[in-house]
Amino acid sequence: MSVRVGKAAEAPTFAQAARGMLGNAQLRHNVRHATDVIRARRAHAVGETADWQQLRDSARAIKDHVLRHLDTYLEQFETACKAAGGKVHWARDADEANTAIVDIIRSHGGTEVIKVKTMTSDETGLNPALEAAGITPIETDLADLIIQLGADKPSHIVVPALHRNKAEIRRLFMEKMQLPELGERAEDLAGAARRYLRERFLRVPVGLSGANFAIAESGSLCVVESEGNGRMCLSLPKVLVSLVGIEKIIPTFGDLEVFLQLLGRSATGERMNPYNSIWSGVTAGDGPQEFHVVLLDNGRTGVLTEPETRPTLACIRCGACLNICPVYRQTGGHAYGSIYAGPIGAILTPQLQSMKHSQSLPFASTLCGACYEVCPVKIDIPEILLHLRNKVVKSGGAPLAERLAMRFAARAFKNGGRLESAQKLVRIAQKPYVHSGSIERLPGMLANWTQFRDLAAVPAESFRQWWAARQNKEKK
Amino acid sequence: MNVTLFITCYNDTLFPATGKAVVAVLERLGHTVDFPQAQTCCGQMHYNTGYQNDARHMMMHFLKVFRDAEIVCVPSASCVAMMREHFPKMAAAMPDAAVGRDVTAMLPRVYEFCELLVDKLRSVDTGATFPHTVTLHSTCHSLRGTKIGERPLQLLRAVRGLSYVELPQADQCCGFGGTFSIKNADVSAALLSDKVRAILDTQAEVCTAVDNSCLMHIGGALSRQRAGVRCLHLAEILASTSGEPA
């Protein structure tokens with residue numbers, strides 16, 4: 001088994017990566033601006049939906065039900081998809097998925113593939129695998145195209161090029177599309193991308209997509225998008241391959257009613273996504289005449305086994321938790337070292353890798369709780385972060401200085417007498433560092449505090465001492 | 001009424017003035033205050049950093065110390081959130097079902113300081129005087145954990161001489177996050193820098209909140225920048241009188 005999430009296993013710790021991002025003023029400005037805009041739109045779209053909380057409850061109930069009976073629904077999906085003329089492939093890990101996809105494209109002698117809406121292919125590292133097999137992947141989602149042309153990495157699960165502004169994109173297009181002239185308006189940039197992509201849509205015979213939902217009863221897939229490039233990618237090629245994580249299953253077509261109301265509003269603040277493509281198998285004379293689904297596990301069944309972490313798989317990838325997250329707002333997505341950034345990435349990425357990598361991610365949160373509040377499927381992300389933190393500590397992943405400090409504190413908190421002794425000890429220990437009641441420099445781990453903030457010294461008398469003295473006075 | 005004070009470990013150690021202020025307010029309103037010397041910590045720091053086994057011991061100690069208390073007053077929204085959100089879960093994971101029953105019996109008697117004044121004691125006007133311009137940092141745990149909402153503002157509005165100025169982007173985290181401020185110091189500082197900018201923009205003399213943990217963080221930066229803005233726990237403002245100003 002080679003479960004992997006892109007190159008997350010080799011990524012630096014969140015703190016290290018974030019430090020680099022914080023120094024990039026342009027990136028921070030772009031991320032702040034973009035998340036502020038989407039946040040406001042989402043708040044408006046959610047505010048006008050009277051039954052928002054009920055929708056959230058319904059979505060969560062459907063997802064909980066599916067996750068408890070995932071085996072049944074996956075087999076139902078397979079049967080229905082085959083009956084509709086589709087072919088189903090099962091992939092235990094990233095390599096199996098990539099191999100299956102390469103084989104399908106090769107069997108058609110393809111040297112190019114047009115791609116849309118498949119974050120999961122970033123998870124499996126599909127593009128490098130395709131290139132190694134002599135197949136050129138062409139990203140057709142506008143933001144993914146920007147990322148591909150710039151040899152960049154996605155920084156957001158819905159808006160992958162969120163960290164880029166118009167001026168940067170214009171320069172990139174002029175260079176990579178070899179355009180001597182290009183206007184500065186968004187329409188000009190979209191026009192350039194349209195001309196570049198249309199030619200490829202008509203030329204390339206194999207398309208590759210992801211899916212937002214896989215409907216068990218009919219074997220259908222559903223992709224939602226804003227541009228129409230997805231629709232082209234899903235309907236123009238002769239052969240279509242869809243890479244789908246096994247958690248994307250919903251039982252019935254009717255369940256889409258709940259999810260499509262939640263997804264558009266949560267992701268982009270739209271009442272409905274402009275393009276909603278739903279297809280089942282193949283239809284003679286209409287659309288792709290050969291259709292494959294690759295169902296991917298890649299660590300998901302491991303996440304499923306624990307009741308505490310299982311809700312992670314309920315995620316519908318709307319990105320609302322990224323947009324609301326104060327930490328993401330400062331760092332952008334690259335600091336998370338994974339295609340899955342932000343709060344959901346902080347719980348999903350390490351879990352897919354069985355907690356063997358990306359152990360710093362569960363700590364990349366202030367536990368402010370904003371992510372839980374906006375999550376359309378009510379994933380209690382802070383609670384899962386805490387569960388994962390506990391796992392990291394139990395497996396010995398915490399730094400020694402921290403473990404010692406926590407042990408010292410735990411002993412002090414055993415009873416009031418011990419706490420009073422510890423307070424006295426700290427008062428003595430702090431002496432060399434206190435200047436006029438304030439501490440401006442501390443050693444070791446604590447230097448991370450004093451690097452940016454002063455610390456008021458521990459006062460001569462604790463509350464408990466004051467109280468004891470007061471009680472004594474009253475007795476006399 | 002008889003109020004038993006859970007002062008919290010960091011108020012006890014670092015911010016005794018807040019505890020004294022809570023005592024002053026409650027006694028001025030005619031209540032009796034008790035402070036069990038055996039108390040220590042609710043376990044929040046350990047629990048949130050991943051040391052949940054240690055936190056469980058602290059919960060057990062808390063339950064023992066406050067078992068007979070009629071009303072437990074806690075001048076920290078985050079400690080109250082810790083108890084309400086995590087005590088039941090920790091208890092549920094323990095073999096002894098009695099712990100769960102103890103937690104269920106205990107929690108309705110636990111009040112955050114503002115909740116106690118507004119909901120239980122019905123004393124929005126604490127008789128305070130504080131002739132200064134004040135802004136309020138709404139801590140994450142007061143917004144989302146305990147949902148204290150408008151109560152701090154109600155209390156501030158009743159203070160004589162106080163001029164309140166709203167903090168822009170009040171729902172934004174200050175970046176403290178307990179050990180997050182140490183483990184992810186750079187990101188924490190970036191969040192803090194936004195918060196400090198918002199506070200300075202208000203021209204307030206004092207920034208208040210219902211948690212000294214956030215205030216220690218914000219105040220640490222204001223002090224480092226020599227910004228000349230004071231951080232004061234809400235209780236200290238409510239205790240302030242013209243005779244004994246905060």
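Throughout, read-outs are computed from the coordinates displayed, never taken from laboratory work. Please read these numbers as outputs of a predicted model, since none were measured by experiment. Every residue, glycine among them, receives a Cβ derived from its backbone with ideal geometry; neighbour counts consider all protein chains shown.
Going by the alpha-carbon gyration tensor, a ≥ b ≥ c the square roots of its eigenvalues, is chain B rounded (a/c under 1.5) or, if a/c is not under 1.5, prolate (a/b greater than b/c) versus oblate? Before the final figure, lay out each step's value.
Details: a/c = 2.09, a/b = 1.25, b/c = 1.67.
Verdict is oblate for chain B.
Please give the average number of partner chain Cβ atoms lying within 10 Å of the Cβ of each residue in B:10-21, rounded to a whole number. Mind dumping the intermediate values first?
Numbers: counts 0, 2, 10, 12, 9, 5, 10, 3, 1, 5, 4, 0.
Per residue, the number of nearby Cβ atoms from other chains is 5 on average.
Once you average over the residues of A:226-232, how many Cβ atoms of partner chains fall within 10 Å of each Cβ? All intermediate terms of the calculation are to be shown ahead of the outcome.
Values: counts 0, 0, 0, 0, 0, 0, 0.
Rounded to a whole number, the mean comes out at 0.
Give me the log10 of I(q) over I(0) for the protein assembly as shown at q = 0.05, 0.06, 0.09, 0.10 Å⁻¹, as the Debye formula computes it from C-alpha points; what are the numbers?
Debye curve over Cα of the protein assembly as shown, log10 I(q)/I(0) at q = 0.05, 0.06, 0.09, 0.10 Å⁻¹: -0.28, -0.40, -0.84, -0.99.
Please express the shape of segment B:133-239 as an equivalent ellipsoid: the semi-axes are the square roots of 5 times the eigenvalues of the C-alpha gyration tensor, given largest first in whole angstrom. Each step should come with its number before you reach the end.
On the way: eigenvalues 94, 51, 26 Å².
Sorted largest first and rounded, they come to 22, 16, 11 Å.
Which order, highest average first, do A:132-138, A:209-215 follow once you tally other Cβ atoms within 10 Å for each residue and take the mean per peptide?
Numbers: A:132-138: 15.6, A:209-215: 24.6.
With the highest mean Cβ count within 10 Å placed first, the list reads A:209-215, A:132-138.
Near the amide H of residue A:87, under 5 Å away, which other amide H atoms are found, from residues 5 or more places off or on another chain, if H is placed in the peptide plane?
Long-range HN contacts for residue A:87: A:291, A:292, A:293.
Report the gain in length on full extension from residue A:231 to residue A:472: 0.36 nm times residue separation, minus Cα-Cα distance, nm rounded to one decimal.
Details: separation 241, 0.36 × 241 = 86.76 nm, distance 8.00 nm.
Difference between extended and current length: 78.8 nm.
Could you tell me what % of all Cα pairs in segment A:1-146 have separations over 21 Å? Each step should come with its number before you reach the end.
Working: 7284 of 10585 pairs.
Beyond 21 Å sits 69 percent of the P(r) for segment A:1-146.
Take every Cα pair under 8 Å in segment A:342-476 that's 6+ residues apart, average their separations, divide by the length, and report that relative contact order as a whole percent. Let's see the in-between values first.
Values: 83 pairs, mean separation 18.4, N = 135.
Once divided by the residue count of segment A:342-476, the mean separation gives 14 percent.
Enter the angle in degrees (range 0 to 90, nearest 10) between the Cα long axis of helix A:342-352 and the first principal axis of the Cα atoms of chain A, meaning the one along which they spread out most.
Result, in degrees: 80.
What net charge do the residues around residue B:117 carry, taking every other residue with its C-beta under 11 Å from that of residue B:117, with Lys and Arg at +1 and Asp and Glu at -1?
Values: positive: B:120, B:122, B:151; negative: B:112, B:115, B:119, B:125.
That sum, taken over residues with Cβ under 11 Å, equals -1.
Which of A:320, A:241, A:183 sits closest to the plus end of the dipole of the protein assembly as shown, meaning its Cα is farthest towards the positive end, when Lys and Arg get +1 and Asp and Glu get -1 on the C-beta?
So the residue we want is A:320.
For chain A, what does the relative contact order come out to in percent, with C-alpha contacts under 8 Å and a separation of six or more?
21 percent
Indicate the gyration tensor shape class of segment A:404-475 (rounded, prolate or oblate), computed on the Cα atoms with a ≥ b ≥ c the square roots of the eigenvalues: a/c under 1.5 is rounded; otherwise a/b larger than b/c is prolate and the rest oblate. Show your work: numbers first, answer last.
On the way: a/c = 3.11, a/b = 1.54, b/c = 2.02.
Judged from the Cα gyration tensor, segment A:404-475 comes out oblate (a/c at least 1.5, b/c at or above a/b).
Any cysteines in chain A with zero other Cys Cβ atoms under 4.7 Å from their Cβ? List them, or say none.
A:81, A:222, A:233, A:315, A:318, A:325, A:375
Using the Cα centre of chain A as origin and beta-carbon charges of +1 (Lys, Arg) and -1 (Asp, Glu), tell me which of A:173, A:374, A:67 is placed farthest towards the positive end of the dipole.
A:374
Using the Karplus equation 6.51 cos²θ - 1.76 cosθ + 1.60 (θ = phi - 60°), what ³J(HN,Hα) coupling, rounded to whole Hz, does each residue of segment A:372-378 give in order, writing x for Gly and Pro?
So the J values, rounded to whole Hz, are 5, 5, 9, 4, x, 10, 6.
May I ask for the distance between the Cα centers of segment B:44-105 and segment B:137-151, given as a whole number of Å?
Value for the Cα centre distance between the two parts: 20 Å.
For each pair in A:63/A:238; A:414/B:183; A:424/B:64, compute the distance between the two Cα atoms and list the pairs where it is over 29 Å. Before the final figure, lay out the partial values.
Numbers: A:63/A:238 33 Å; A:414/B:183 25 Å; A:424/B:64 25 Å.
Long pairs (Cα-Cα over 29 Å): A:63/A:238.
Ignoring everything except DSSP H segments at least 4 long, calculate the 222 nm mean residue ellipticity for the protein assembly as shown; use -39,500 (n - 2.57) per segment, divide by total residues, nearest 500.
Values: 33 runs with 349 residues, N = 722.
So the calculated ellipticity at 222 nm is -14500 deg cm²/dmol.
Measuring from centroid to centroid over Cα atoms, what is the spacing of segment A:32-75 and segment A:240-266 in Å?
A separation of 11 Å, based on Cα centres.
Can you tell me the dipole magnitude for chain A around its Cα centre, using point charges on the Cβ only (Lys, Arg +1; Asp, Glu -1), in Debye to the nearest 20?
Values: 59 positive and 49 negative charges, 516 e Å.
The calculation lands at about 2480 debye.
Put a dot 7 Å past each Cα toward the Cβ at residue A:283 and residue B:242; how far apart are the dots in nm?
It works out to 8.2 nm between the two label points.
Please give the helix A:400-412 orientation as an angle from the longest Cα principal axis of chain A, in degrees from 0 to 90, rounded to the nearest 10.
Helix A:400-412 sits roughly 50 degrees off the main axis of chain A.
Taking a cut-off of 23 Å between Cα atoms, list the lysines near residue A:476, but don't count ones fewer than 8 places away on the same chain.
Here the lysines satisfying the reach criterion relative to residue A:476 are B:20.
Treat every Asp and Glu Cβ in segment B:133-239 as -1 and every Lys and Arg Cβ as +1, leave all other atoms uncharged, and give the resulting dipole magnitude about the Cα centre to the nearest 20 debye.
On the way: 11 positive and 9 negative charges, 28 e Å.
Value, rounded to 20: 140 debye.
Over what distance in Å are the Cα centres of segment A:321-368 and segment A:404-422 separated?
Segment A:321-368 and segment A:404-422 have Cα centres spaced 32 Å from each other.
Could you name the aspartates and glutamates in cross-link range of residue A:115, using Cα to Cα under 17 Å and dropping any fewer than eight places away on the same chain?
Output for residue A:115: A:103, A:123, A:131, A:139, A:141, A:144, A:152, A:199, A:225, A:227, A:290.
Write down the radius of gyration of segment B:2-120 and its Dmax, each obtained from C-alpha positions, in Å.
13.9, 44
Enter the angle in degrees (range 0 to 90, nearest 10) between the Cα long axis of helix A:463-475 and the first principal axis of the Cα atoms of chain A, meaning the one along which they spread out most.
The two axes meet at around 40 degrees.
Please report the relative contact order for chain B, taking Cα pairs under 8 Å with a sequence separation of at least 6, and give it as a percent rounded to a whole number.
Working: 408 pairs, mean separation 50.4, N = 246.
Relative CO of chain B lands at 20 percent.
Can you figure out the FRET efficiency of residue A:431 with residue A:354, using R₀ = 35 Å and their beta-carbon distance, to the nearest 0.05? Each step should come with its number before you reach the end.
Values: r = 47 Å, r/R0 = 1.33.
That pair, residue A:431 with residue A:354, gives E of 0.15.
Where the only charges are on Cβ atoms (+1 Lys, Arg; -1 Asp, Glu), what is the dipole of segment B:178-246 about its Cα centre, to the nearest 20 debye?
Details: 6 positive and 7 negative charges, 51 e Å.
It works out to roughly 240 debye.
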